[in-house]
């Protein structure tokens, strides 16, 4: 028996097995529902392949390099489980990679706690394994054993490859995520290279008009007084009687880049139009004779230069008011309040352009929430860490209420014929579901990640011109809608004639179809599965 266990340990070293499967072990304790048990078998196959390889080569360097790489991967996956309470995924990697330094600091400040100590056993085992001497004597240098295992391994790989699921179900999780992420990166790079303004068939029905799109950030409508929240977080917007408020709108994605790019382009979850092939609102408004502006309080940096920034730079006049992160790291910690957007908006509205399309991209309610508002808006407070974070989120909404209301007043002052549409890129889980915080998720998409505010404001003159659209909108306040069709709603509101407009996708059009299944990111049905 002792001899058998010794041979077994040579094929399946205990320390290596623990290191490889440590993330799964953590997962069972943190959220067993999100652990894919097949990964245990997959890990065993690839781990054994590595063991037999370095045993056959009898090379210490191969052993140490392989062990180092495996340990790093296991540590990263374990940290993901500890911080995000779920397995490493392409979605979470996408969010992390597109996050700038300031956002990273804010994110970590609200995520890190004593649970980080769970990583210590893995660190200790990894160090001990690295120090362990590789025995030169082995009883498993048997060509038949190697042949049998290789046949089993090849059969497993070929079977998955033939069924077109090798990456999806035939490799360890880290490899699957890395390969899928690289595929998405290539897609976005292609989209970036093709982001020059394209001429399309489009004509404006009106000669003078201003269309403003305000993009909020990380705003969960369930925390807004405007949507029935107990806290008085939106006193200014709530007292307005000139807003058309829609209360059954969800974002298509729970990350900024995917959500904004699909909202402002032909690309949608229910079509096959890729980002690098589809047209966007900048193309349509430009072709219809509008002068396009993009005013942003988001920093214009990130991986791939941030694809939202690439889209923003397509407009005639891109304006970035938050440039602190182009300086030192210390300057990235400086607060950049959304009131910085007021002056550029005023200046633009006073230009002679008869047709204007203005995108206002706010910092909104992005973590760290306490950095999103000045001291005058520090109204709510909590008794413990969790309630304090919620209070800071509510304070950020209170300030955002002031910002949005002020923008509406500015537009009303300087424009006779204007429409303002407000929506957020995605929601935010502020301990609403699963005790989690942020807009990351693993496995099951929380409703709070995608439940966003959506409302429209019309100036007096525009209200007169759009009585039918307003009437239709008033009837549809509770109908289901996904913002990946915002492209069509914006064009429709602006009264632009173009074959790109699909009237069935515009919530303000008489032909709007509300019976679409709301299949969100990762193929989840919002109305049935969430």
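The residues on offer are 167, 140, and the sole one that is surrounded by 12 or more Cβ atoms within 10 Å (Cβ to Cβ), in contact with a helix residue (DSSP H, G or I) (Cβ under 6 Å, 6 or more places away or on another chain) and at pLDDT below 60 is 140. Scanning region 52-82 for residues that are crowded, with 17+ Cβ neighbours inside 10 Å and at pLDDT below 80 turns up 52, 54, 55. Residues in region 274-320 that are at pLDDT 90 or above, assigned to a helix (DSSP H, G or I) and within 21 Å of the chain's Cα centre (by Cα): 281 only.
Selection within region 32-41: residues that are modelled with pLDDT of 75 or more, touching a helix residue (DSSP H, G or I) at 6+ places or on another chain (Cβ under 8 Å) and assigned to a helix (DSSP H, G or I). The member of this set that is surrounded by the most Cβ atoms within 10 Å (Cβ to Cβ) is 39. For region 491-508, the criterion of being within 20 Å of the chain's Cα centre (by Cα), assigned by TED's automatic domain parsing to the domain that holds residue 251, under 27 Å from residue 223 (Cα atoms) and in contact (Cβ under 8 Å) with a residue 60 or more places away in the chain is met by none of the residues.
Take residue 386 and decide whether it is over 20 Å from residue 259 (Cβ atoms), at pLDDT 90 or above and surrounded by fewer than 22 Cβ atoms within 10 Å (Cβ to Cβ). Don't jump to the end; show me each part of the working.
Numbers: over 20 Å from residue 259 (Cβ atoms): yes; at pLDDT 90 or above: no; surrounded by fewer than 22 Cβ atoms within 10 Å (Cβ to Cβ): yes.
Considered against the rule, which asks whether it is over 20 Å from residue 259 (Cβ atoms), at pLDDT 90 or above and surrounded by fewer than 22 Cβ atoms within 10 Å (Cβ to Cβ), residue 386 comes out as no.
If you check 233, 267 for being closer than 28 Å to residue 445 by Cβ, modelled with pLDDT of 95 or more and in a loop (DSSP other than H, G, I, E, B), only one passes: 233. Going through (1) within 23 Å of residue 496 (Cα to Cα); (2) modelled with pLDDT under 95 one by one, residue 246 falls short only on (2). Kindly indicate whether residue 477 is touching a strand residue (DSSP E or B) at 6+ places or on another chain (Cβ under 9 Å) and in a loop (DSSP other than H, G, I, E, B). In short, yes. Taking strands (runs of 3 or more DSSP E) as the structural unit, no element lying wholly within region 346-465 holds at least 2 residues that are under 30 Å from residue 208 (Cα atoms), touching a residue at least 40 places away in the same chain (Cβ under 8 Å) and out of contact with any strand residue (DSSP E or B) (no Cβ under 7 Å at 6 or more places or on another chain).
The values are calculated or read from the model by the stated rules, or taken from the named source; none is laboratory data. Note that this is a predicted model, so its numbers are computed, not measured. Positions of Cβ are backbone-derived with ideal geometry, glycine not excepted, and every protein chain shown enters the neighbour counts.
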